[in-house]
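K.L.:
Submitted below is the structure of interest, expressed as structure tokens.
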Amino acid sequence: QKEVEQDPGPLSVPEGAIVSLNCTYSNSAFQYFMWYRQYSRKGPELLMYTYSSGNKEDGRFTAQVDKSSKYISLFIRDSQPSDSATYLCAMSGGTTDSWGKLQFGAGTQVVVTP
Amino acid sequence: GAVVSQHPSWVICKSGTSVKIECRSLDFQATTMFWYRQFPKQSLMLMATSNEGSKATYEQGVEKDKFLINHASLTLSTLTVTSAHPEDSSFYICSARLAQSTDTQYFGPGTRLTVL
């Protein structure tokens, strides 16, 4: 069983709709949760960074963390064709022993159609 | 801020040659950098952790003699693929962790290596 599970998609939505992405994990030690966006043949770009449980909003993006359920989500409002990309969740335990190693989900491919 | 660059962005080489990839943090100091490889339609696979001034830590199954990592300064880490073979063809991505942060990593644009 992988430490981080993420549906690879593809997830297709019409322009303007809300994109809903999520990951589940098994390691209760994870404390730092991130969402990255990766366009084809490019490096991942950090979108959201959350520590512990709670919600965080940044423009059209909302990240939620529920540590009790070991479940994190990313919502993209008013989706645009330019949001079409692969979205990767990542998390870590935040301990010096782990040297900040990130555990990634498989990535969900999102396609926003005009 | 938090920009990471990689050079070259793509490289094609003959089997048996060595290839060096550079990773630079442009506007911050990074005591720790990470090297990943990514196959098509797959997630990132951590290869090694590069610490400034000390030896890199390799993940299980990654040959340290094949993938040489040097982190000579707080803004530069290099990955050298020695005696490259076609199976080494992949997308190599580095990331850098802010020195005063915990686990926030910023990624470079990646280097596509093709070994003929």
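The values are calculated or read from the model by the stated rules, or taken from the named source; none is laboratory data. Keep in mind the model is a prediction, meaning the values are calculated, not measured. Positions of Cβ are backbone-derived with ideal geometry, glycine not excepted, and every protein chain shown enters the neighbour counts.
K.L.:
Go through region B:52-76 and give me each residue that's modelled with pLDDT of 90 or more and part of a strand (DSSP E or B).
P.N.:
Those that are modelled with pLDDT of 90 or more and part of a strand (DSSP E or B): B:Thr57, B:Tyr58, B:Phe67, B:Leu68, B:Ile69, B:Asn70, B:Leu76.
K.L.:
Still on this structure, please answer the following. Go through A:Asp7, A:Asp58 for me and flag whichever is touching a Cys at 6+ places or on another chain (Cβ under 9 Å) and more than 11 Å from chain B (Cβ to nearest Cβ).
P.N.:
A:Asp7
K.L.:
Any residue that is modelled with pLDDT of 95 or more and touching a Ser or Thr at 6+ places or on another chain (Cβ under 6 Å) - is there at least one of those in region A:86-104? Reasoning before the result, please.
P.N.:
Within region A:86-104, the first condition is being modelled with pLDDT of 95 or more, and the residues that meet it are A:86-89.
When the remaining residues are screened for being touching a Ser or Thr at 6+ places or on another chain (Cβ under 6 Å), the result is A:87.
The answer is yes; a qualifying residue exists.
Condition check ((1) crowded, with 19+ Cβ neighbours inside 10 Å; (2) out of contact with any strand residue (DSSP E or B) (no Cβ under 6 Å at 6 or more places or on another chain); (3) at negative phi; (4) not in a strand (DSSP E or B)) across all residues:
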residue	(1), (2), (3), (4)
A:Asn55	no, no, yes, no
A:Leu74	yes, no, yes, no
A:Ser79	yes, no, yes, yes
A:Met91	yes, no, yes, no
A:Val110	yes, no, yes, no
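K.L.:
If you scan region B:25-72, which residues turn out to be among the charged types (D, E, K, R), more than 13 Å from chain A (Cβ to nearest Cβ) and touching a residue at least 24 places away in the same chain (Cβ under 8 Å)?
P.N.:
Within region B:25-72, just B:Asp27 meets the criteria.
K.L.:
Another question about this same structure. Could you look through region A:28-48, keep only residues that are assigned to a loop (DSSP other than H, G, I, E, B) and hydroxyl-bearing (Ser, Thr, Tyr), and pick out the one that is surrounded by the most Cβ atoms within 10 Å (Cβ to Cβ)?
P.N.:
Among those residues, the one meeting the criterion is A:Tyr39.
K.L.:
Restricting attention to region A:3-22, does a residue exist that is more than 11 Å from the chain's Cα centre (by Cα), polar (S, T, N, Q) and at pLDDT below 90?
P.N.:
No - not one qualifying residue is present in region A:3-22.
K.L.:
Among (1) of a type in the set (Lys, Arg); (2) under 24 Å from A:Leu88 (Cα atoms); (3) in contact (Cβ under 8 Å) with a residue 24 or more places away in the chain, which single condition is B:Lys14 missing?
P.N.:
The failed condition is (2).
K.L.:
Here are some conditions: (1) within 28 Å of A:Pro8 (Cβ to Cβ); (2) of a type outside the set (Ser, Thr, Tyr); (3) modelled with pLDDT under 90. B:Phe28 meets all but one. Which one does it not meet?
P.N.:
Only one criterion is unmet by B:Phe28, namely (1).
K.L.:
Also, quick follow-up: Surrounded by fewer than 16 Cβ atoms within 10 Å (Cβ to Cβ) and closer than 17 Å to B:Leu79 by Cβ, is that true of B:Trp10? Spell out the reasoning first.
P.N.:
Values: surrounded by fewer than 16 Cβ atoms within 10 Å (Cβ to Cβ): yes; closer than 17 Å to B:Leu79 by Cβ: yes.
Yes, satisfied.
K.L.:
Which members of region A:10-35 meet the condition of being within 11 Å of another protein chain (Cβ to nearest Cβ) and in contact (Cβ under 8 Å) with a residue 60 or more places away in the chain? Break it down into steps so the answer makes sense when it comes.
P.N.:
Filtering region A:10-35 for residues within 11 Å of another protein chain (Cβ to nearest Cβ) gives A:10, A:30-34.
Those that are within 11 Å of another protein chain (Cβ to nearest Cβ) and in contact (Cβ under 8 Å) with a residue 60 or more places away in the chain: A:Pro10, A:Phe30, A:Gln31, A:Tyr32, A:Met34.
K.L.:
Still on this model: Take the residues in region B:77-116 that are surrounded by fewer than 17 Cβ atoms within 10 Å (Cβ to Cβ) and touching a Cys at 6+ places or on another chain (Cβ under 8 Å); name whichever of them is nearest to the other protein chains (Cβ to nearest Cβ).
P.N.:
Applying the filter and picking the extreme gives B:Thr114.
K.L.:
Of the conditions (1) within 14 Å of chain B (Cβ to nearest Cβ); (2) touching a residue at least 40 places away in the same chain (Cβ under 8 Å), A:Gly43 clears all except one; give me its number.
P.N.:
Among (1) within 14 Å of chain B (Cβ to nearest Cβ); (2) touching a residue at least 40 places away in the same chain (Cβ under 8 Å), the lone unmet condition for A:Gly43 is (2).
K.L.:
Counting residues that are closer than 19 Å to A:Lys101 by Cα and under 14 Å from the mean Cα position of the chain (by Cα), which strands (runs of 3 or more DSSP E) fully inside region B:1-50 reach at least 2? Step through it out loud before you land on a result.
P.N.:
On the way: elements: B:4-7, B:10-13, B:19-25, B:32-38.
The qualifying strands (runs of 3 or more DSSP E) are B:19-25, B:32-38.
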